[in-house]
1. What is the extension gain from N144 to S130, computed as 0.36 nm multiplied by their sequence separation minus the C-alpha to C-alpha distance, in nm to one decimal?
2. Expected output is a single nm value to one decimal: the length gained when fully extending between K123 and E156, i.e. 0.36 nm times separation in residues minus the C-alpha distance. What is it?
3. Ranked highest first by the average count of other Cβ atoms within 10 Å around their residues, in what order do 38-46, 147-155 fall?
4. So what's the back-of-envelope 222 nm ellipticity for the chain, counting only DSSP H runs of four-plus at -39500 (n - 2.57) apiece and dividing by all residues, rounded to 500?
5. Could you compute the net charge surrounding G95? Neighbours are other residues with a C-beta less than 14 Å from the C-beta of G95; K and R count +1, D and E count -1.
6. Okay, which of the stretch 6-27 sit inside 17 Å, backbone N to the point 7 Å along the Cα-Cβ direction of T58?
7. Run a plain Debye calculation on the chain (Cα atoms as equal point scatterers, no solvent) and give log10 I(q)/I(0) at q = 0.14, 0.20, 0.21 Å⁻¹, rounded to two decimals, same order as the q list.
8. Quote to one decimal, in nm, the extra length available between L164 and E22 on full extension: 0.36 nm per residue of separation minus the C-alpha distance between them.
Amino acid sequence: VGGIMTELTTRVIEASFQFVAELTLSGHHGAASVHVNLTASEARRSETPRFFQQCLATYAVNPAAITIEITEQEVTRIEGDLLGNLQLLESMGFGLAIDDFGTGYSSLSHLLDLRATELKIDKRFISSMSGGGNDRAVVQAIINLGKAMGLTVTAEGVETLEQLDFL
């Protein structure tokens with residue numbers, strides 16, 4: 001509404017690079033990673049890959065330490081510039097996570113087009129799987145899909161030992 005989304009996103013991206021650089025310099029290589037959420041409109045902008053490239057040059061971080069997240073709902077609008085930019089960012093070495101996986105209406109072919117590196121299971125499935133049944137089956141299917149494709153799978157909203165044990 002205020003027209004500051006691009007400026008805010010730019011600041012968050014740069015702060016993320018700076019954070020990873022500081023962690024790396026202080027010897028915390030294993031913990032030096034961060035996820036950055038992008039909307040489809042921000043990821044579609046032609047300046048976005050260039051800005052990520054500039055941040056790489058400025059902060060000299062390993063691009064694999066930065067994972068770009070885009071929600072599955074946003075993935076349903078993947079085409080043209082958005083797809084090209086995400087593929088370009090992936091080719092630079094950045095990770096790509098599909099957030100809230102299982103809640104959108106995307107085709108599984110988007111996983112192949114995007115060359116995602118991570119699936120993030122939406123917390124709705126995690127919080128409701130204690131009753132067993134279909135929610136557990138969906139979670140297990142996403143885990144199996146991710147493993148079969150060599151992707152990292154992250155579950156959001158794990159709050160109980162039962163959930164953790166199942167996962």
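The values are calculated or read from the model by the stated rules, or taken from the named source; none is laboratory data. Keep in mind that this is a model prediction, so the values were computed, not measured. Here the Cβ is made from the backbone with ideal geometry for all residues, glycine too, and neighbour counts use every protein chain on show. Note: areas computed on protein heavy atoms with side chains; ligands, DNA, RNA excluded. Shrake-Rupley method; radii C 1.70, N 1.55, O 1.52, S 1.80 Å.
1. 3.2 nm
2. Full extension from K123 to E156 adds 11.4 nm.
3. Peptide ranking by packing, descending: 38-46, 147-155.
4. So the helix-based figure for the chain works out to -15500 deg cm²/dmol.
5. Taking every other residue near G95 into account, the sum is -2.
6. 6-23
7. So the normalised log intensities are -0.78, -1.29, -1.35.
8. Separation in residues times 0.36 nm, less the Cα-Cα distance, equals 48.0 nm.
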